1. What's the number of the condition residue 247 fails, among (1) modelled with pLDDT under 90; (2) over 23 Å from residue 288 (Cβ atoms)?
2. How many residues are part of a helix (DSSP H, G or I) and over 43 Å from the mean Cα position of the chain (by Cα) when one looks only at segment 65-86?
3. Looking only at segment 161-175, filter to residues that are closer than 24 Å to residue 120 by Cα and loosely packed, with under 12 Cβ neighbours inside 10 Å; which one of those is nearest to the chain's Cα centre (by Cα)?
4. Can you find a residue that is under 22 Å from residue 276 (Cα atoms), outside any loop (DSSP other than H, G, I, E, B), in contact (Cβ under 8 Å) with a residue 24 or more places away in the chain and touching a helix residue (DSSP H, G or I) at 6+ places or on another chain (Cβ under 9 Å) anywhere in segment 204-222?
5. Hey, can you tell me all the residues within segment 273-298 that are more than 13 Å from residue 240 (Cβ to Cβ) and touching a residue at least 24 places away in the same chain (Cβ under 8 Å)?
6. For segment 276-313, enumerate the residues that are part of a helix (DSSP H, G or I) and closer than 13 Å to residue 264 by Cβ.
7. Take the conditions touching a strand residue (DSSP E or B) at 6+ places or on another chain (Cβ under 7 Å), assigned by TED's automatic domain parsing to the domain that holds residue 303 and outside any strand (DSSP E or B) and apply them to residue 229. Does it pass?
């Protein structure tokens, strides 16, 4: 090795005396150590350091996938949530309809329970419109219906009891809860009297005898047709009498007819004759007759067969 120029190593002029090793007894120096000159310092004791062995590299952990069953459950939960979301409106409508139907069914059940129990049953029978027939007799004939629930009232039994009364033209049955059965009657209306030779029969337009009397009923017209109730002219004559207004009906004394188109009648307390024709347009004919009698009171015959062109004679 080459020494650098200008560098001259020099020794110290006064070297320090060596110091005895105080660690040894008697101040003895360590054998083998140079005396009288600086000796290098004792080296530090060497202690080997235990090195940890490197751990083997960890095996790569495979990525963890969710369990298949759990994934299926999760998918089903999601699907159910979507189905509920998209069917919320239909479920709401279905609940509404079910509520309505349930209310109707409950109401129907309640009505049935009330209707078919003794709570709503016939305990009283009332008859209205009975003038010529006995209402007490009708109530007695219908006593078999007492105690029956209103839906179980026997209509055929009521009809069988009432057809025995010829004066009843029609009837209706009405239930009045909680316990009344109402029978409304329409009795036959007499339209005239027929002379039989032995007396007079008060009849309605159908020829049903309403009453028999020895003398002619004064408030009813006399139907004067050959053959009595079986005559061909009886039906048209009775039909005209039934169609007359009350004010004109009170003026009629005797009515005759041979066919349905030649009905005519005479007026009370006069010799006036009215040619009526058929029962058609009776209201118009009655209006025309009243107007003619007021405008032309001195005539004995009024022909209103054609009310548009009435004729007086």
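1. Result: residue 247 passes all but (2).
2. Residues that pass the stated criteria total 8.
3. The qualifying residue nearest to the chain's Cα centre (by Cα) is 174.
4. So far as segment 204-222 goes, no, none of its residues is under 22 Å from residue 276 (Cα atoms), outside any loop (DSSP other than H, G, I, E, B), in contact (Cβ under 8 Å) with a residue 24 or more places away in the chain and touching a helix residue (DSSP H, G or I) at 6+ places or on another chain (Cβ under 9 Å).
5. Of everything in segment 273-298, those that are more than 13 Å from residue 240 (Cβ to Cβ) and touching a residue at least 24 places away in the same chain (Cβ under 8 Å) turn out to be 273, 290.
6. Passing the criteria: 285, 289.
7. When the stated conditions are applied, residue 229 passes them.
Yes/no per residue for (1) within 30 Å of residue 162 (Cα to Cα); (2) loosely packed, with under 10 Cβ neighbours inside 10 Å:
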site: 84; (1), (2): no, no
site: 89; (1), (2): no, yes
site: 95; (1), (2): no, no
site: 109; (1), (2): no, no
site: 118; (1), (2): yes, no
site: 123; (1), (2): yes, no
site: 127; (1), (2): yes, no
site: 133; (1), (2): yes, no
site: 142; (1), (2): yes, no
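The values are calculated or read from the model by the stated rules, or taken from the named source; none is laboratory data. Note that this is a predicted model, so its numbers are computed, not measured. So basically every Cβ, Gly included, is an ideal-geometry build from the backbone, and we count neighbours across all protein chains shown.
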